[in-house]
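> Take a look at this one; I'll ask things after.
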Amino acid sequence: MLHFIRRSVKHKLFIIYVLVISVPILLFGSISYTMSSRTLEEDYINYQGKLNKQIVKTMEENFRNLTRQSMAVYANPDDIISLLASSDAGGNAESVAINNRVSNYLYSLLQSNDKVYAVTLLSLDGQVVYYSSKQGSSINLYNVREEPWFEETLALKGMPLLVEPHQKKYVDARSPNNKWVLSISRLIIDLKTGAPIGIIMFDQDLAQFSNIVSDAEWDRNQQFMVVGKNGRVVYSDPSSASLHNHDLSAYLPGEENSSFKAKVEAETLLVNSSSSESYGWRVITSIPLSELKKKSLFLRDINLFLLVILILLAFLLSIFFTYIVNIPLKKLLLSLRRLGKGDFGTRVAVRGEDEFSQIGLTFNSMVENIEHLIQQNFQMGLLKKQAELDSLQSQINPHFLFNTLSSILSVMDKKDFQKSSTMLRSLSDLFRYSLNRGRFIVPFQEELDNISKYLYIQECRFGNKYKVAYDIDDEVLEFGIVRLSLQPIVENAIIHGLEPKQGPGELKITAKAFGDMYYVYISDNGIGMDDLKLQHMNQLLEKNDENADRSQFERLGIFNVDARIKLHYGAAYGLRLYRGSRLETIVKIALPARGEQL
């Protein structure tokens, strides 16, 4: 994977686009998800707190309505006081009339308020003096003197008491009137004397109360319940079973309005609690945190979907930028590779006026300049090489002329004018051959003919001091050789090898072809040279390339020949010295086995 990324700009661009797009999206998504989760919790707490307070207000207004209803007894106090104060259980006319007026009055109160289900009038000793509900009356002889709410009502001395949901024990259990109700009870006081005379109680059907407090829009899986002052559940919706069955007292703080998290049946609930300051009842609502998170998960899913879309966009952008960026780079790279291989004709196609076009124009201009400089350097190199060849060639003539004239002078000293005349004619031919400018490469046959004339001159000088032998392959005669290559070597062998030797010597010229090379061997059995000098000479010949400094040996014929061969054919060709099996000195000339255009 890393290998492909390193080698491809396209892959790098794609990775960069993905990182530049996905990292901010992931960062923004995670931050927005976290913030949205917190915001949803806060919004739910704020919203539900307001809703709970509204339910509490509705609940309090309902209780105040029942409380106001209980004050209605003071609109007809005389008959009620007379009824409660009367000890006549019989039926005299006046008692019956009072009872009828009270019954009619209380029944009218019951019918005029749709939130009131029943009304009860009780004596101070706990006897039920009057009871009626919207479904009729059906009571037994039960005395409520021992009921806790009865004692609390007496203790409040005329203040209303909210009685939490209960069933009337003085209502027949088999009667449809025996419903769960909540009640407001109040002690009735004679306003003239200030003495208590009885208790009145107004009941509200618990189902009616539930309709009042549950008239709100709830979220899915949201739970709702009303808890009384003593901690008992007054009302709960069917979905609040988990809350109903769970003891929330450990979670409920002392504040009137609060929110907290509770662990209920392996699920965390976000609970809101609002209480009534007047009555001490609490409205508790809850929702699973998972339900809230579903809403934030929706935002997370949107971010993920957006991330996928943007990654696809990054892929398309990478393709697009590959077209406008990578393709010009590839074309430029291809041209650079061609240029590296020596193709100076390569050019980059230029389109438009952008930076890549400017690079292409600069590249094309650079290649043209390089090509021009190379041509200049090549021409200068050719001129330099030509000058060196001319210089090396000119070095032969004075040296050869001096030696040859010395030989002719020696013959003339012996009064052999015929021989000296022939030698001068041979010398003339040699100079004509050496002055033939423009032909640096000649067939080996011409070079061999020229060396024969030279050897004739040397034979006239030295007589029978040495003999010459030839071993030449016929095919070698047509191969090319640098002009005047053999004469300096032969001259060196005669002067430095054979002439100082005591007794006769032998000079042998051999030419053999081997594959794409042919070799010329010039050997003499003269005085030779020691190993140290031989090694030194070969080291100098190895350094005698086109870039070598020839100032130290440019006057020596053997190095002159080696330099001219290497200047023309290359460093792979040239001279090397050996010692033969009979201690003869051998000069080996390596040349390419090919003809030359002469």
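> Considering only protein heavy atoms, with the full assembly of protein chains and a 1.4 angstrom probe, order Trp149, Trp281 by accessible area, largest first. Please list the in-between numbers first.
Details: Trp149 30, Trp281 0 Å².
Largest accessible area first, the residues go Trp149, Trp281.
> Further question: Which order do the peptides 169-178, 479-488 come out in when sorted by mean C-beta neighbours inside 10 angstrom, highest first?
On the way: 169-178: 15.5, 479-488: 23.5.
So the order, starting with the most tightly packed, is 479-488, 169-178.
> Summing +1 for each Lys or Arg and -1 for each Asp or Glu, what net charge is found among the other residues whose Cβ lies under 14 Å from the Cβ of Leu122?
Around Leu122, the charge tally is -2.
> What does the charge count near Leu575 come to, summing +1 for each Lys or Arg and -1 for each Asp or Glu among other residues with Cβ under 12 Å from its Cβ? Could you put the intermediate results ahead of the total?
Numbers: positive: Arg564, Lys566, Arg576, Lys588; negative: Glu542, Asp562.
Its environment carries a net charge of +2.
> Same structure, new question: Classify segment 396-516 as rounded, prolate or oblate, taking a ≥ b ≥ c as the square roots of the eigenvalues of its Cα gyration tensor: rounded when a/c is under 1.5, otherwise prolate if a/b is larger than b/c and oblate if not.
oblate
> Another question, if that's okay. Quick one: net charge of Met529's neighbours, Cβ under 12 Å, K/R +1, D/E -1?
Counting the neighbours of Met529, the net charge comes to -2.
> Under 27 Å Cα-Cα from Lys543, which lysines qualify once same-chain neighbours fewer than 8 residues away are excluded?
List returned: Lys384, Lys385, Lys512, Lys533, Lys566, Lys588.
> Which lysines, on any chain, are close to Lys115 with Cα under 19 Å apart, when same-chain ones fewer than 8 places away are left out?
Filter leaves Lys57, Lys134, Lys168, Lys179.
> I've got another one for you. Per Stokes-Einstein, at 20 °C and 1.002 mPa s, what whole-number D in µm² s⁻¹ belongs to segment 66-184, with the Kirkwood radius over Cα pairs as the hydrodynamic radius?
Roughly 142 µm²/s, to the nearest whole number.
> Please compute the contact order of segment 462-523 in relative form: average sequence separation of alpha-carbon pairs under 8 Å and at least six residues apart, divided by the residue count, as a percent.
This gives 46 percent for segment 462-523.
> Next up: Please list, or write none, the lysines whose alpha carbon is within less than 26 Å of the alpha carbon of Lys331, excluding same-chain residues fewer than 8 places away.
Lys10, Lys12, Lys341
The values are calculated or read from the model by the stated rules, or taken from the named source; none is laboratory data. From a predicted model like this one, the values you see are computed outputs, not experimental measurements. A quick note on method: Cβ atoms are made from the backbone with ideal geometry, for glycine too, and the neighbour counts reach across all protein chains shown. To get the accessible areas, we keep the full protein, side chains included, count just its heavy atoms, and leave off ligands, DNA and RNA. Shrake-Rupley method; radii C 1.70, N 1.55, O 1.52, S 1.80 Å.
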